[in-house]
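Structure first, commentary second.
The values are calculated or read from the model by the stated rules, or taken from the named source; none is laboratory data. Keep in mind that this is a model prediction, so the values were computed, not measured. Because the Cβ atoms are built from the backbone with ideal geometry, glycine has one as well, and the counts that use them run over all protein chains shown. Note: areas computed on protein heavy atoms with side chains; ligands, DNA, RNA excluded. Shrake-Rupley method; radii C 1.70, N 1.55, O 1.52, S 1.80 Å.
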Amino acid sequence: MSQKDHFKDRIVNIDFIPNSFLKDLTHKNKYTLTLITSGAFSGALNGIPIRIKAPYLLCLTNQDQLLVSQKQNVVAPTIQFDEDFLRTLRISDKHYVKSQNSSIKVGMQLFKRDNVREKSGAYKLTSEVYPKIIEKFFVAGSEVLVQSDRLWVCRIKKNLIVLLSLVDDLIKADNELPLNKALDYIYTNYSQQITLNDLTANSFSNRDTLNRCFREKYGCTAMQYLLLYRLKIAKNLLTHTGISLNEIAYAVGFSYDTYFIKQFKKKFQQTPTEYRRVSRKLAAYQ
């Protein structure tokens, strides 16, 4: 069901179901995120047999067909939303616009089905990434139910952007070692303080070898890649949420918003505020 915004005169097309019991996942709204937090089930997804054991993330659309034949002690909290939720851009407290196309694109590849990447819509979560996913998932879900302040929709979008980009980037990560393990660590922990020693320790490598791998693949060092990744997530949060620069800085791993602003301007030749203003105008007409 849609939500009546308690703070503004509008309807927000999103719903949170604490436990969907795997029912009605693929026809209520355009997009469905279901987190399998415990239990297991078997059946077929788009005609392909599946066996799912927690923890798993299902990214489904109303075009998918999920048939459940057997299930055991399944707990499946679900977030459902449609394209209007993705399209709405907050220009000011009283001004919202809708882009002609879905404006949030980060992580939306998880909902697409193609022959190139052979995505199924069901993604196994590792023990390292699962705590991050469940935190973002339930923070977003609780905002649907509670609407803690005027920026509740922005906070949902913030957590969905972080959650979906994390899963998508982990799937796209290289299979090469030690690069793969370093990337996994960055994608999972970029919001926290990370040192080069952390990356080398978690990739079972040394500094020279790890930086060589990053230069060959991305043309930069491991720590430079970390900075660029943080700024990439920040750009999405600037465009699609109205949360403060300080909160964005903290969300992507900067201790101070002043340092975030400095690094952002150095990389993109404009301040985060300038980027937010321009990118929202572009997103409204893309």
- Message: Suppose a student asked you for the relative contact order of the stretch 149-286, using Cα pairs under 8 Å spaced at least 6 residues apart; what percent would you report?
- Response: 23 percent
- Note on the structure: What one gets for the stretch 10-49 as the Kirkwood radius, inverse of mean 1/r over different Cα pairs in Å, is 12.3 Å
- Message: What distance in nm lies between label points placed 7 Å from Cα along the C-beta direction at residue 127 and residue 177?
- Response: 1.7 nm
- Based on the mean of other Cβ atoms within 10 Å per residue, sort peptides 218-231, 147-160 so the most packed one is first. 147-160, 218-231
- Solvent exposure of the stretch 144-286 as accessible area per residue, Å², 1.4 Å probe: 48 Å²
- Could you give the spread of the C-alpha atoms of the stretch 135-212 along their three principal axes, from largest to smallest, in whole angstroms? 48, 23, 15
- Percentage of interatomic Cα-Cα distances in the stretch 16-88 larger than 18 Å: 33 percent
- Item | Unit charges on C-beta of K, R, D, E only; dipole of the stretch 183-241, Debye | 200 debye
- Message: I want to verify a result. In a Gaussian network model of the chain, Cα cutoff 10 Å, which of these has the top mean-square fluctuation: 61, 126, 34?
- Response: 126
- Query: Debye sum, Cα scatterers, the stretch 125-275, no solvent: what log₁₀ I/I(0) at q = 0.12, 0.18 1/Å?
  - Reply: -0.53, -1.11
- Relative contact order %, the chain, counting alpha carbon pairs below 8 Å whose residues are six or more apart: 16 percent
- In whole µm²/s, the translational diffusion coefficient that Stokes-Einstein assigns to the chain, given a Kirkwood hydrodynamic radius over C-alpha pairs, 20 °C and 1.002 mPa s, equals 107 µm²/s
- Task: Quantify, in whole percent, the carbon and sulfur part of the accessible surface of the stretch 130-211 (1.4 Å probe; protein heavy atoms only).
- Result: 49 percent
